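Below is one structure, written out as structure tokens; comments come after it.
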Amino acid sequence: MKKALFALLIIVFLSSACAQTPVKKPNLPETAQQQQNQPAPVPLDSNNVQKYANRFPGKLGLYAKNLKTGQTISINSDEIFATASTHKLVVALAVYKYIYPNVSVEKKKDYDQMIKKMMIISDNPSFYELLDEIEQRHPDALTKVLKDLNLTKTRIHSKEAFHRYGYHSVTTPQEMAVVFETIYNEQYLGKEMSAILKEELAKTIYKEEIPRHMGNNKVMHKVGQLPDGVLNDVGIVDDGKNLILISSFSKTQQSPDYASNFLAELSAKSYEALRNKN
């Protein structure tokens, strides 16, 4: 009887201990924990960028990111803006991804030249000719690119966008940043096509916005401008240590020179806030 009672007490004790002992969850790697639980850290001096942006007399949006640290600065980055000529980046992606593989060698050479003109001198005739090619050969190519990159607010050459926003092509600073980062990372198009685009974007004749205050740092970018006060620029500054992505969009009644000066200074402030200074 005593042995049976003793065995019963042991069982009760063990059951109680198991109930009180928490189940230990497996430890995630630190980077995985950060991705799950924490947003990318905001740089301490991003307030300077915000204060400067607040001075802009019009509509302004900015998305800037250090591609190595993940730090970001976001100001109206989900707001809708006219793309102006930054939409040529999306057209280039659509042609290289969905049209280029299925045409003759001679046609590929034509596409290469037209895309080169779009990237370097922002050539509009090339843009419209490539739109015609897309319409004839793969009408949903632009839509496919937007879906591939999960660009839910961007519309390119769209009647719907024109009726809703007054522009045929619209985007947000953050979504156009995704387009540029996609080109830079080389995975979507592959290394060869991406390298061509990156080289051309580094050779653009336009040096007034993002590149203005970047000294000898390498800048690849695509500017866009419309006569109603729209001025945009999206690109990456490579200083050999940092890769700073800057996507700035604006509309103002001030002069084009005023807007250009403002975006150049905004780009410089964003670069300084995000770059690793150690």
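Among the residues of region 152-192, those that are open to solvent by less than 20 Å² (accessible area, probe 1.4 Å), under 21 Å from Lys117 (Cβ atoms) and hydrophobic (A, V, I, L, M, F, W, C) comprise Ile156, Met176, Val179, Phe180, Ile183. Taking Tyr111 as the residue in question, decide whether it is touching an Asp or Glu at 6+ places or on another chain (Cβ under 9 Å) and either at positive phi or of a type in the set (Phe, Trp, Tyr) (or both). Answer is yes for this residue. Note on region 122-165: residues that are in contact (Cβ under 8 Å) with a residue 60 or more places away in the chain and either among the aromatic types (Phe, Trp, Tyr) or at positive phi (or both) amount to 3.
Within region 202-231, the set of residues being closer than 15 Å to Leu67 by Cβ and open to solvent by less than 40 Å² (accessible area, probe 1.4 Å) comprises Ile210, Val219, Met220, His221.
Is it the case that region 186-199 has a residue that's among the acidic types (Asp, Glu), modelled with pLDDT of 95 or more and in a loop (DSSP other than H, G, I, E, B)? Within region 186-199 (the criterion being among the acidic types (Asp, Glu), modelled with pLDDT of 95 or more and in a loop (DSSP other than H, G, I, E, B)), the answer is yes, since at least one residue qualifies. Considering region 98-142, the residues that are in contact with a helix residue (DSSP H, G or I) (Cβ under 9 Å, 6 or more places away or on another chain), among the polar types (S, T, N, Q) and not in a loop (DSSP other than H, G, I, E, B) include one that is farthest from Thr86 (Cα to Cα), namely Asn102.
The values are calculated or read from the model by the stated rules, or taken from the named source; none is laboratory data. The model shown is predicted, which means the values in this text are computed figures rather than measured ones. Methodologically, a virtual Cβ is constructed for each residue, glycine included, from the backbone with ideal geometry; neighbour enumeration extends over all protein chains shown. Ligands, DNA and RNA are stripped out before the accessible areas are found, and what is left, the full protein with its side chains, is counted by its heavy atoms. Shrake-Rupley method; radii C 1.70, N 1.55, O 1.52, S 1.80 Å.
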